[in-house]
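As structure tokens, the structure follows; a few thoughts come after it.
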Amino acid sequence: MIKIMKITGIILLAVVVLAAIAISIFWYRNIHWYDRYEKALKKAGAEEKQIKLPSGNVINYGEVANDKPALLLIHGQMGMWEDYALVMPDLSKNWHIYAIDVYGHGESAHDESLYYIDSNGNDLIWFIQNVIGEPTVLSGHSNGALTAAYIAAYGGNHISGVILEDPPVFSTQGEGWEDSFAWLDTYKPLHDYNRSDRSECWEAWYLRHCYWGQLFMKDAMNGIADYAEHYHKTHPGESVKIGFLPSSIWSVFEYAKKYDFAYGEHFYDLSWNHGITHEEILSKISAPCVYIHAKETVHENGTLLCAASREQAERAVSYIGENCRLIETDTSDHVIHTVHRDLYIETVNSFLK
């Protein structure tokens, strides 16, 4: 009996030790999630640069220089050019990469008068003409895909192709906007935070009010938000890190440090479109186009848990016409270039033809 108890004790101890090791590895990888991005940027040879336009506006960008065709990458809301790091090493085998910071993000100009699709789009057309200087393939993610669509529509023969990565078509001009996941999870909490006394950090406020948390982890969110607030206070100047949660949930906090919240207000009130309709933009695209759509997912309460429905994606493609093809992923993960890297890279490389 004593021998059995000893063996049992050893087994239990081994289980505890292995569990502790597994938790430690999980925690470490989450906290150091950005290490992979830095390694990828170094591997690709990406160099950060800036250009000042004649207007005085500054566009910050990362470049992987070579003699390949030009590819311009445009990130989404609360992102930065480094968001594309994980695909840069593979893309740079075939492309001369320019990845920009959208106005109000990263190190590009923070000026609320620029936070419109045409203001940023026109300056990026200038960037293509004067910095890149050759026909360019565009790839934009989320609202960056809408900006890419604008550039493709009005950039003339400087645009040789465009990839629209899960854009929030039609919703961000008002179609079911206040019932959309983006409005409920990002823009309403951001707007409410801007109007609050900001007695706690944005990260804690977001976790306390985010829509996904209320749907799936309601009882846990206040405790997680309290942890974020404590981390913010004990690590001044750092982005909030939550080791016990997958970094995919909170990695956006890294980019939010250099994000102008006034930019989000232009999506809350739909002024970012500046009176230009998505239908008008999409109809003017003549360059070859691929729309990559994240699979439609609807919560049991009826909320669309994705950037656009299948119907909206198909309608967008119909406005562009026969020169556009639709690809749909098998999950609703919005950041396709990270979650479905192989598919994304294959799609971009299809424009080499």
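Neighbours of L53 by Cβ distance under 14 Å: Lys/Arg scored +1, Asp/Glu scored -1, total -1. All other residues whose Cβ lies under 13 angstrom from that of L184 are scored, Lys and Arg at +1 and Asp and Glu at -1, for a net of -3. Applying a 4.7 Å cutoff between beta carbons, the unpaired cysteines of the chain are C201, C210, C306.
Relative contact order for the chain: what percent, with Cα pairs under 8 Å and sequence separation of 6 or more?
Working: 598 pairs, mean separation 62.1, N = 353.
Dividing the mean separation by the residue count of the chain yields 18 percent.
Taking other residues whose beta carbon is less than 13 angstrom from the beta carbon of D123, and scoring Lys, Arg as +1 and Asp, Glu as -1, yields -2.
Using the Cα centre as the reference, give the magnitude of the dipole from point charges on the C-beta atoms of the chain (Lys, Arg: +1; Asp, Glu: -1; all else neutral), rounded to the nearest 20 debye.
Working: 27 positive and 46 negative charges, 280 e Å.
It works out to roughly 1340 debye.
Each eigenvalue of the Cα gyration tensor of the chain, multiplied by 5 and square-rooted, gives one semi-axis; in descending order these are 37, 24, 21 Å.
Can you give the helix-only mean residue ellipticity at 222 nm for the chain, where every DSSP H stretch with n ≥ 4 adds -39500 (n - 2.57) and the sum goes over all residues, rounded to the nearest 500 deg cm²/dmol?
Details: 16 runs with 154 residues, N = 353.
One gets -12500 deg cm²/dmol as the mean residue ellipticity at 222 nm.
Report the one residue of Y193, A70, G106 whose Cα lies farthest in the direction of the positive end of the charge dipole of the range 68-216 (charges on C-beta: Lys and Arg +1, Asp and Glu -1; origin at the Cα centre). Ranked along the dipole, the leading option is A70.
Expressed to the nearest 5 percent, the antiparallel share of DSSP beta bridges inside the chain is 30 percent. Judged by the ratio a/c of the largest to the smallest principal axis of the C-alpha gyration tensor, the range 253-296 counts as oblate, that ratio being 1.5 or greater while a/b is no larger than b/c. Altogether, the Stokes-Einstein calculation at 4 °C and 1.567 mPa s, with the Kirkwood radius of the range 110-176 over Cα pairs as Rh, returns a diffusion coefficient of 105 µm²/s. Once Rh is set to the Kirkwood radius over Cα pairs, what Stokes-Einstein translational diffusion coefficient, in µm²/s, holds for the range 69-144 at a temperature of 10 °C and a viscosity of 1.306 mPa s? Approximately 124 µm²/s, per Stokes-Einstein.
For K241, the aspartates and glutamates whose Cα comes closer than 16 Å to its Cα, not counting residues fewer than 8 places off in the same chain, are D35, E200, E203, D226, E229, E254. The spacing between the range 320-353 and the range 71-102, judged by their C-alpha centroids, is 15 Å. Within the listed set Y193, Y98, Y268, the Gaussian network model of the chain (springs between alpha-carbon atoms below 10 Å) gives the highest mean-square fluctuation for Y193.
Read-outs: derived from the displayed coordinates by stated rules, not from any lab. This structure is a prediction, so every number in the text was calculated from the model and none was measured. Using ideal geometry, Cβ is built from the backbone for each residue, glycine included, and neighbour counts are taken over all protein chains shown.
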